[in-house]
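Just below is one structure, and these are the notes that go with it.
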Amino acid sequence: MIKRTVIFLLIFTIYSTDAFALLHYFKNAKKAEESGNFEKALSLYNKVLERYPYETKSKLRAYDHILNIYKTRKESQNIKELLTFLKNNYPDKSFDLRDIEKLSQIYSKYGENEEALKLQWRIIDEPYSLVYADTMLRTYSRLLKYYKEKKDENQIKGLLNKLNSLSAKVFDDEDIYKYAMLFFKYGDRGEAIKIMEDIVQRYPDTTSSRKSLFILAEEAQKAKDYEDAIEYYSIYIERYPENTFYVQKAYQRLVDCYLAMGDSRVSEDIMKQVADWLNGVTDYRSQLNLAIDLKSKNMDKLAEVTFNTGYTQAKKVIEDNPETYDALKAYLEIMRTAHPLGRYDIAEQVAIEALKDFNNLQGDTELNKNVNFIKSQAYLWLSKIYKEHERYDETIKMLENFLKLYPEHKDKDYALYELGRAYEKKGDIGQAKDIYEAVSSEPLKSMAKERLATLK
């Protein structure tokens, strides 16, 4: 066992030393080449070829640099002789697909287009391997570009058919996107859109999905399919709020879709608010207010994405200013907006956070008064959410806590009436009656009397 370990360490040491020496040759050769000391550079690149004959990738790299030096010095005969040598000797059995790709690039760079094409076709004729997916896709891209420049539609069609024989499901998300873009760029947009829709479904949290969504939205908008465009732009804004530039672009285009549809609800006032937001004039409060305004006009999708942008900005305020009054105010704005937008999960979460995280927030009389008001609203919002979801025990708990903590609050009678309703819903009629009797101001007093009359 000890003997094997020693042998392994010896091999590892030799390999590491060898790799370091190879790196050293390339570093010094490149430095000499960049400084114009071509003789020294050529000497070092040739040493790489002599001392590392089985390091295929290093050989190709050295040959590429040598050809570049010949080109810089306008030594066309040397270029021709070296390219002839390469054609006569490579690729050999040591070449993998990436090495063949590199050799094809060398040929393309120095005018040997037929040799480059021959190797590129060889690459895409190989059986598909996930290990070489990136090589294969890059090669398809080069071939399609070449034949497009030649205006050879038959070759393009053949390549796309051949590409289509590879199932998109064998690629990872980044390669699927590249695969889709080849169809998109070279003529089969329908196939590209189908693949991108799949990316958006299967890989929602990836850069590929983000890029696909925006392209899908743009394509739908160009086709005047405004409802699909609105849907795609909305999903983009909701999923990727941190991409501010594209979120603003998506929002503007979303509004453009509404205008193109001739939606009369997009008034001048709304457009002014939208313009202010896009120009960075408004803060998160204005965005959340705009969301409520849009909701009131039944523009639900636009309201939703507007809320998402305002909510993201408000969360940033909270994260940047933890346990401060600014953070607490942001919680209040989210609470009062999330509920009418139907985002009950968010409203409940931020109300709970507002009650939990600000116990040490104290200051002058005015600050304490404002802090207590926001916390009181958190209790009321929670009670409202719990009531609407028929969670009556939690409704009662929130309202009783509110009445205990804020006995002189202006919303005391509202809390009493709602507490009576919660007990009534639970079937505790006696408790409900006692609470209704305590309601003392209009119009809630009359409403409580109506309930009492019903319960007799």
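The values are calculated or read from the model by the stated rules, or taken from the named source; none is laboratory data. Just so we're clear, the structure is a prediction, and the values are computed from it rather than from any experiment. Methodologically, a virtual Cβ is constructed for each residue, glycine included, from the backbone with ideal geometry; neighbour enumeration extends over all protein chains shown. Just the protein is used for accessible areas: all its heavy atoms, side chains included, with ligands, DNA and RNA removed. Shrake-Rupley method; radii C 1.70, N 1.55, O 1.52, S 1.80 Å.
When only residues in the stretch 47-64 that are surrounded by 14 or more Cβ atoms within 10 Å (Cβ to Cβ) and assigned to a loop (DSSP other than H, G, I, E, B) count, which is modelled with the lowest pLDDT?
Among those that are surrounded by 14 or more Cβ atoms within 10 Å (Cβ to Cβ) and assigned to a loop (DSSP other than H, G, I, E, B), it is Tyr52.
Among the listed residues Arg421, Arg391, Arg451, identify the single one that is open to solvent by 40 Å² or more (accessible area, probe 1.4 Å), over 30 Å from Asn321 (Cβ atoms) and touching a Gly at 6+ places or on another chain (Cβ under 8 Å).
Only one candidate qualifies: Arg451.
Give me the helices (runs of 4 or more DSSP H) completely within the stretch 337-456, filtered to those with at least 2 residues that are among the aromatic types (Phe, Trp, Tyr), ordered by residue number.
Qualifying helices (runs of 4 or more DSSP H): 365-388, 392-405, 412-426.
Identify, from the list Leu44, Leu67, Leu83, the residue that is more than 26 Å from Thr135 (Cα to Cα) and buried (at least 19 other Cβ atoms within 10 Å of the Cβ).
It is Leu44.
Might you let me know whether the stretch 342-351 holds any residue that is acidic (Asp, Glu), open to solvent by 60 Å² or more (accessible area, probe 1.4 Å), closer than 29 Å to Ser440 by Cα and without any contact (Cβ under 8 Å) to a residue 24 or more places away in the chain?
The answer is no, given that none of the residues of the stretch 342-351 is acidic (Asp, Glu), open to solvent by 60 Å² or more (accessible area, probe 1.4 Å), closer than 29 Å to Ser440 by Cα and without any contact (Cβ under 8 Å) to a residue 24 or more places away in the chain.
Sort out which residues of the stretch 209-236 are among the hydrophobic types (A, V, I, L, M, F, W, C) and either open to solvent by 10 Å² or more (accessible area, probe 1.4 Å) or under 15 Å from Asp256 (Cα atoms) (or both), and write them in order of number.
Residues satisfying the conditions are Phe214, Ile215, Ala217, Ala220, Ala223, Ala229, Ile230, Ile235.
Identify, from the list Tyr203, Tyr186, Tyr177, the residue that is over 19 Å from Leu144 (Cα atoms), out of contact with any Cys (no Cβ under 9 Å at 6 or more places or on another chain), aromatic (Phe, Trp, Tyr) and surrounded by 17 or more Cβ atoms within 10 Å (Cβ to Cβ).
None of the others qualify; the one that does is Tyr203.
Is it the case, given these coordinates, that Lys102 is at pLDDT 90 or above, assigned to a loop (DSSP other than H, G, I, E, B) and of a type in the set (Lys, Arg)?
no
What pairs come up if the first residue lies in the stretch 291-303 and is among the basic types (Lys, Arg), the second is at pLDDT below 75, and their beta carbons are under 8 Å apart, counting only those six or more places apart or on different chains?
Final answer for the pair search is Lys297/Arg265; Lys297/Ile270.
Restrict the check to the stretch 60-71 and report whether at least one residue is farther than 22 Å from Ala116 by Cβ, in contact with a helix residue (DSSP H, G or I) (Cβ under 7 Å, 6 or more places away or on another chain) and charged (D, E, K, R).
No.
Just to be sure I understand, how many residues within the stretch 113-137 are over 40 Å from the mean Cα position of the chain (by Cα) and either among the β-branched types (Val, Ile, Thr) or open to solvent by less than 50 Å² (accessible area, probe 1.4 Å) (or both)?
Looking only at that region, the number is 1.
Which residue, of Ala415, Ala432, is without any contact (Cβ under 8 Å) to a residue 60 or more places away in the chain, among the small types (Gly, Ala, Ser) and over 17 Å from Asn372 (Cβ atoms)?
Step by step, each of Ala415, Ala432 is checked, and only Ala432 is without any contact (Cβ under 8 Å) to a residue 60 or more places away in the chain, among the small types (Gly, Ala, Ser) and over 17 Å from Asn372 (Cβ atoms).
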